[in-house]
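The values are calculated or read from the model by the stated rules, or taken from the named source; none is laboratory data. This is a predicted model, so every value here is computed, not measured. Don't worry about glycine lacking a Cβ; one is built from the backbone with ideal geometry, like all the others, and counts go over all protein chains shown.
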Amino acid sequence: MKPLFVFCADLHLEDGAWSSRPGIYGDAYWSFEQIVDYCIAAHLPLILGGDVLEKKSNSARPIAKLCAGLSKLQAANVPAYYIQGNHEFDRNAPWLSVHPWPIHMHEASFDINGAKVCGFDWLPRGEIQEAFTRVPEDVDIMVTHQVWEDFMKGLGRIDCELKNVYHAQTVLNGDFHVTKTVTGVNFQGKTVTMLSPGSICMQDMSEAPDKFFFVICRMPDGTFHFEPQQLMTRRFANYVVKDQETLDKLCAGQLRKDILTMADANLPTYINKPLIRIKFDKQLPDAYLRLMTAVGDFAHIACEAISEKYNTAKTAAPRAGAKNSLLSAVGDLLGDVTDAYKLATALLRAEDPMKEFDIQVAKYLNGEFADATVATGSEELGASQVPPV
Ligand SMILES: [Mn+2]
């Protein structure tokens, strides 16, 4: 097995992923440092798969951190390549052109330790399919930053799918913050393997806390192998508090004990304060105050009430006890057993309404809301009128 280069994506270099919690600082910088140090120690080129930066308009620090890493690679004579993601995308002047060292891979192919690798910046649907037709026949690995059907499986908008790929047996893709490998068949009916390395630090509470970059290796039979390297990241713990007994136990010292065992001397001090997510049943007396007090300043805490799960069974939602007046109003207007009510409640109760919206649209397109037209009395919602997503 011959290591060829290192691949990572979705660095989202920025002071912190949560603007409302400025105390959670430096996670992306610290992960990037680890990747740079690894490349130098192993003397392996680095390929950055887009969303290197969080924004198109940046303050000085993310750029300074980016340049510091690139300068370190330059000083060690370790090559760096990149494509642009949708986050920092600029057709005219890529952000990474602020530094002389990294090589822009867009529409270009390179021989990297014997493998022919080509890349494309993020491109809109249609343009990316056209770009795939320009991939040279002898390319082994294609680097992209797109929303692939093969990862999304019908959820939400997609840019492309593996069957659009002409050449290349391997695709390395940014954008999807989940670490995952999928296999599919390309335009010519040949097997393609695609790797999503995932983001390099949590960008969202719903992301898995374990993060990786990958060493791309060539096997003796000529195929490629993706070797994961786990990043040292801020420790994360998730709690769900549904009963008095659990609440009492956690507040009587268990939480504090858990946090202490999570401390890791290998982490820099600014990363060594864990992130704790607690969901609690709001029926429990003083749950919020007790949990916040128990954690104190020992961890960053995201503490929220469990949203009452909408009952999708035939029984109507318990409107009598509903505290959310907006939901009650929706029920009064639409009747609480209609599909329109189900849709409205699903959106109102979603933690991430945009994501929930995409899920509901997919359900609608699958015919799971068969009587939506009847329920709303509107012809406009007929299946033939649904705009393409
Ligand atoms: Mn991203």
Looking at region 142-173, which of the residues that are among the β-branched types (Val, Ile, Thr) and away from the ligand (no atom under 16 Å from the Cβ) is farthest from His104 (Cα to Cα)? Val165
Some residue of region 99-106 being part of a loop (DSSP other than H, G, I, E, B) and touching a residue at least 60 places away in the same chain (Cβ under 8 Å): no
Looking at region 174-227, which of the residues that are of a type in the set (Asp, Glu) and part of a loop (DSSP other than H, G, I, E, B) is nearest to the ligand (Cβ to nearest atom)? Asp175
Among the residues of region 240-255, is there at least one that is on the phi > 0 side of the Ramachandran plot, of a type outside the set (D, E, K, R) and assigned to a helix (DSSP H, G or I)? yes
The correct count of residues that are within 26 Å of Ile276 (Cα to Cα) and free of Cβ contacts under 8 Å to residues at least 60 places away in the same chain in region 14-64 is 12
Can you tell me which residues in region 19-50 are part of a loop (DSSP other than H, G, I, E, B) and closer than 19 Å to Asp210 by Cβ? Ile24, Gly26
Within region 204-227, residues crowded, with 22+ Cβ neighbours inside 10 Å and within 17 Å of the chain's Cα centre (by Cα) come out as Lys211, Phe213, Phe214
Sort through Val135, Val143, Val139 and tell me the only one that's in the same structural domain as Cys8 (by TED's automatic domain parsing), on the phi < 0 side of the Ramachandran plot and touching a residue at least 60 places away in the same chain (Cβ under 8 Å). Val143
When you go through Ala28, Ala17, Ala108, Ala80 one by one, which is the residue that is closer than 25 Å to His167 by Cβ and surrounded by 15 or more Cβ atoms within 10 Å (Cβ to Cβ)? Ala80
What about Gln230, is it surrounded by fewer than 16 Cβ atoms within 10 Å (Cβ to Cβ), farther than 12 Å from Ala305 by Cα, under 27 Å from the mean Cα position of the chain (by Cα) and without any contact (Cβ under 8 Å) to a residue 24 or more places away in the chain? yes
Kindly evaluate Lys2 against the criterion of being surrounded by fewer than 18 Cβ atoms within 10 Å (Cβ to Cβ) and basic (Lys, Arg). yes
Could you please let me know if Phe89 is closer than 16 Å to Cys201 by Cβ and within 22 Å of the chain's Cα centre (by Cα)? no
Does region 262-270 contain any residue that is outside any loop (DSSP other than H, G, I, E, B) and outside the structural domain of Asp204 (by TED's automatic domain parsing)? yes
Which listed residue is crowded, with 19+ Cβ neighbours inside 10 Å, outside the structural domain of Asp37 (by TED's automatic domain parsing) and either aliphatic (A, V, I, L, M) or closer than 28 Å to Ile359 by Cβ (or both), from Val241, Val171: Val241
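Per-residue answers, yes or no, for (1) assigned by TED's automatic domain parsing to the domain that holds Lys249; (2) modelled with pLDDT under 70; (3) of a type in the set (S, T, N, Q):
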position	(1), (2), (3)
Leu284	yes, no, no
Leu289	yes, no, no
Thr293	yes, no, yes
Ala299	yes, no, no
Lys314	no, yes, no
Leu326	no, yes, no
Val330	no, yes, no
Asp336	no, yes, no
Leu343	no, no, no
Given Val98, Val117, which one is among the aliphatic types (A, V, I, L, M), surrounded by fewer than 18 Cβ atoms within 10 Å (Cβ to Cβ) and touching a Leu at 6+ places or on another chain (Cβ under 9 Å)? Val98
Confirm whether Leu66 is more than 25 Å from Gln34 (Cα to Cα) and within 16 Å of the ligand (Cβ to nearest atom). no
Can you tell which of Ala17, Ala41 is away from the ligand (no atom under 16 Å from the Cβ), on the phi < 0 side of the Ramachandran plot and of a type in the set (Gly, Ala, Ser)? Ala41
Do the conditions hold for Leu155, that is, is it over 20 Å from Asp121 (Cα atoms) and in contact with a helix residue (DSSP H, G or I) (Cβ under 6 Å, 6 or more places away or on another chain)? yes
Looking only at residues in region 14-69 that are hydroxyl-bearing (Ser, Thr, Tyr) and closer than 26 Å to Ile141 by Cβ, which one is nearest to the chain's Cα centre (by Cα)? Ser31
Suppose we filter Arg256, Arg218 for residues that are of a type in the set (D, E, K, R) and touching a strand residue (DSSP E or B) at 6+ places or on another chain (Cβ under 6 Å); which single one remains? Arg218
